1. Residue by residue through region 232-243, what is 3J(HN,Hα) from phi via Karplus (6.51 cos²θ - 1.76 cosθ + 1.60, θ = phi - 60°)? Round to whole Hz and write x for glycine and proline.
2. Counting Lys +1, Arg +1, Asp -1, Glu -1, what net charge surrounds residue 241 among other residues with beta carbon under 12 Å of its beta carbon?
3. Order 138-147, 234-243 from most to least packed using the mean count of other Cβ atoms within 10 Å.
4. Listed highest first by mean packing, meaning other Cβ atoms within 10 Å per residue, what order do 66-74, 167-175 come in?
5. Mind listing P(r) for region 142-200? All alpha-carbon pairs, 10 Å bins, whole percents.
Amino acid sequence: MSDNNSNKSIRNIPLKAIRPNPGQPRKYFDPEAMDTLTRSIERYGVLSPITVRECGDDEYVLISGERRYRAAYSAGLKTIPCIVTENSTDCAILSLLENLQREDLSFLEIAQSYKELIKGKGLSSHELSRKIGGKPFEIKERMRLMMLDPIVRKYIRNFNLSEREARALLRIHDRDTQIEAVRYICEHSLSENEAVSFISELLKTGHQPNIQINKFKDIKILKNTLANAVGLIRQSGIDAEFNEKTYDWGEEFIIVIRN
């Protein structure tokens, strides 16, 4: 990459002069983790500068560090330390790399970022692999996941299905069948192996296989439903958090809503 941030000075820029990056790789921000980061920033400030690109007179677009940017807003800060960079393609790659290194992006978010960099910035898979590491065929294979129907991708995100399950679903070419399959997997809380076997049998016979399922064995659906509900509550501006505790007798889910 052409920009070397270590040689750039750090500037304190008003938060209101910075707008979010529409190409931000991360689309979901865990409410509990954001709450922890906000409290840390309230106490210690922003210890690591975010990266922005100037897009007008005293106007900037966020490149990397959206978690710190959001938490600084929540903490009531007026300014935030920034490194200002220029090249838009390098900015997009920097944003992806920072998220990969710091925030453990989901495989779907990574696939979307690859697609945007290759389609939007005109990079080849070989060029992208040289900039971020990895192999070109791995980038291509992950990009193929964006061929999944948007409804299927939503189920995968909301129910935390694995990349192996996503790749298995990609083998189903009919849209309606793909949606029905992922819905069945999520509603019946199939394990990863059960889901892959279910899809293989579905492709082989064309009929939904008869899989014996203990619906109460896996509480993933309940946990994800509650966590997603709390996330929506927080997006509306209400201070809420979701916690879970594990005991010998089972698991406890706690939703706290503060006045």
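1. These are the phi-based 3J(HN,Hα) values: 5, 4, 5, 5, 7, x, 8, 7, 9, 8, 10, 10 Hz.
2. Numbers: positive: 39, 234, 258; negative: 30, 32, 35, 239, 244.
With Lys, Arg at +1 and Asp, Glu at -1, the net is -2.
3. Per-residue mean Cβ counts within 10 Å order the peptides as 138-147, 234-243.
4. On the way: 66-74: 20.3, 167-175: 16.2.
Per-residue Cβ counts within 10 Å, averaged per peptide and sorted highest first, yield 66-74, 167-175.
5. 25, 65, 9
Bear in mind these aren't lab numbers, they're just calculated from the coordinates by the rules spelled out. Bear in mind the structure is a predicted one, so any value in this text is a computation, not a measurement. Don't worry about glycine lacking a Cβ; one is built from the backbone with ideal geometry, like all the others, and counts go over all protein chains shown.
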